[in-house]
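**Student:** Here it is, the structure, as structure tokens.
The values are calculated or read from the model by the stated rules, or taken from the named source; none is laboratory data. Note that the structure is predicted; figures quoted are calculated from it, not measured. All Cβ positions, even for glycine, are placed from backbone atoms using ideal geometry, and neighbour counts span all protein chains on display. We work out accessible area using only protein heavy atoms, side chains counted, and drop any ligands, DNA or RNA first. Shrake-Rupley method; radii C 1.70, N 1.55, O 1.52, S 1.80 Å.
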Amino acid sequence: MGRPVPARTLGGVFTPPYPITTPRLVLRPFTETDLDDLHAFHSLPEVARYLYWDARTREETKAALDRKIACASLGEGGDMLCVAAESAGGGPVIGDLTLFLRSREHRQGEIGFVFNPAYQGRGLATEAAREVLRIAFEGLGLHRVHGNCDARNTASARLMERLGMRKEAHLVENEFFAGAWSDELIYAMLAREWHAGAAGARPPA
Ligand SMILES: CC(C)(COP(=O)(O)OP(=O)(O)OC[C@H]1O[C@@H](n2cnc3c(N)ncnc32)[C@H](O)[C@@H]1OP(=O)(O)O)[C@@H](O)C(=O)NCCC(=O)NCCS
């Protein structure tokens, strides 16, 4: 097997063409003024239930926001790109998305998403996450993007299915999470699958 062909955009630092607009959202980098909006949902135990962090104090959200502000571009493998999803028309930041560059050599990425529960159940996370996949495949030239979730996190699994990602694995009791063994699901999409249709897929009306 030959070595992976380097993506044309993976030679240096990549910054998405912000702002990215969708019918209901504006995607952009995080700024210091986002603290109240971010804390409104990072402080909620139900949001953190299946995440690797607990509901945050304001100081912890501030520290997380500082890290997100510093992650506005991708360069080296291991970097992460943090994307704020703001309600169109100057509304609050309601979503927090991440694209991890897991391997530059192998053009592998990982997607993550956290939304304010007050704005869940409307397809907004799907609308935002689709643009993050577009950044990954069309902007950055990645070959494969995966997303992992706790098997009990059905909202996350459904979102990845709506995006057109394939379920690749159900790992059984691979993590000791919050005091119990838990299963993990791995979903993924390849660049050719994105270009074959998921790019244009729209959530149900
Ligand atoms: C994962 C998460 C982002 C999913 O959010 P969500 O609101 O369920 O996802 P969407 O915005 O795509 O909304 C989809 C839901 O809205 C419904 N919906 C209503 N109007 C819709 C529309 N116009 N378009 C699409 N879906 C619509 C869908 O039917 C779907 O509901 P269902 O899952 O009951 O079938 C959210 O649950 C979350 O932030 N969880 C906490 C953090 C977390 O666990 N993140 C994942 C870590 S792995």
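**Student:** Residue by residue through the stretch 72-101, note down the ones that are touching a residue at least 40 places away in the same chain (Cβ under 8 Å) and of a type outside the set (A, V, I, L, M).
**Tutor:** Of everything in the stretch 72-101, those that are touching a residue at least 40 places away in the same chain (Cβ under 8 Å) and of a type outside the set (A, V, I, L, M) turn out to be Ser73, Gly75, Cys82, Glu86, Ser87, Pro92, Gly95, Asp96.
**Student:** Sticking with this one: Arg104: modelled with pLDDT under 95 and open to solvent by 10 Å² or more (accessible area, probe 1.4 Å), yes or no?
**Tutor:** Judged against the criteria, Arg104 is a match.
**Student:** Only one of these is over 21 Å from Ser103 (Cβ atoms), touching a helix residue (DSSP H, G or I) at 6+ places or on another chain (Cβ under 7 Å) and charged (D, E, K, R): Arg122, Arg130, Arg162. Name it. Can you show your working first?
**Tutor:** Details: Arg122 fails: touching a helix residue (DSSP H, G or I) at 6+ places or on another chain (Cβ under 7 Å); Arg130 fails: touching a helix residue (DSSP H, G or I) at 6+ places or on another chain (Cβ under 7 Å).
When all the criteria are applied, what remains is Arg162.
**Student:** Turning to a different aspect of this structure: From the set of residues in the stretch 24-51 that are in contact with a Phe, Trp or Tyr (Cβ under 8 Å, 6 or more places away or on another chain) and either open to solvent by 50 Å² or more (accessible area, probe 1.4 Å) or away from the ligand (no atom under 16 Å from the Cβ) (or both), which is nearest to Ala70 (Cα to Cα)?
**Tutor:** Pro29
**Student:** Also, I was wondering about something else. For residues that are in contact with a Ser or Thr (Cβ under 9 Å, 6 or more places away or on another chain), more than 6 Å from the ligand (Cβ to nearest atom) and closer than 22 Å to Ser43 by Cα, tally how many sit in the stretch 113-138.
**Tutor:** 2
**Student:** Just give me the residues in the stretch 66-93 being charged (D, E, K, R), assigned to a loop (DSSP other than H, G, I, E, B) and surrounded by 13 or more Cβ atoms within 10 Å (Cβ to Cβ), in sequence order. Give the steps one after another, and end with the answer.
**Tutor:** Here is the first cut: in the stretch 66-93, the ones charged (D, E, K, R) are 66-68, 76, 79, 86.
Within this subset, residues satisfying the condition of being assigned to a loop (DSSP other than H, G, I, E, B) are 76, 79.
Matches in the stretch 66-93: Asp79 only.
**Student:** Looking only at the stretch 152-205, filter to residues that are more than 14 Å from Arg134 (Cβ to Cβ), within 11 Å of the ligand (Cβ to nearest atom) and at pLDDT below 95; which one of those is surrounded by the most Cβ atoms within 10 Å (Cβ to Cβ)?
**Tutor:** Looking at the filtered set, the residue picked out is Pro203.
**Student:** Is it the case, given these coordinates, that Glu110 is away from the ligand (no atom under 13 Å from the Cβ) and either loosely packed, with under 14 Cβ neighbours inside 10 Å or in contact (Cβ under 8 Å) with a residue 24 or more places away in the chain (or both)?
**Tutor:** Values: away from the ligand (no atom under 13 Å from the Cβ): no; either loosely packed, with under 14 Cβ neighbours inside 10 Å or in contact (Cβ under 8 Å) with a residue 24 or more places away in the chain (or both): yes.
Considered against the rule, which asks whether it is away from the ligand (no atom under 13 Å from the Cβ) and either loosely packed, with under 14 Cβ neighbours inside 10 Å or in contact (Cβ under 8 Å) with a residue 24 or more places away in the chain (or both), Glu110 comes out as no.
**Student:** Also, quick follow-up: Is there a residue being open to solvent by 20 Å² or more (accessible area, probe 1.4 Å) and closer than 29 Å to His106 by Cα anywhere in the stretch 52-65? It would help to see each step written out before you state the result.
**Tutor:** To start, the set of residues in the stretch 52-65 that are open to solvent by 20 Å² or more (accessible area, probe 1.4 Å) comprises 52-60, 62-63.
Within this subset, residues satisfying the condition of being closer than 29 Å to His106 by Cα are 52-53.
Yes, the stretch 52-65 contains at least one residue that is open to solvent by 20 Å² or more (accessible area, probe 1.4 Å) and closer than 29 Å to His106 by Cα.
**Student:** Search the stretch 124-148 for residues that are of a type in the set (Phe, Trp, Tyr) and pair each with any residue that is away from the ligand (no atom under 14 Å from the Cβ) and in a helix (DSSP H, G or I) when their beta-carbon atoms are under 6 Å apart and the residues are at least 6 apart or on different chains.
**Tutor:** Filtered contacts from the stretch 124-148: Phe137/Ala191; Phe137/Trp194.
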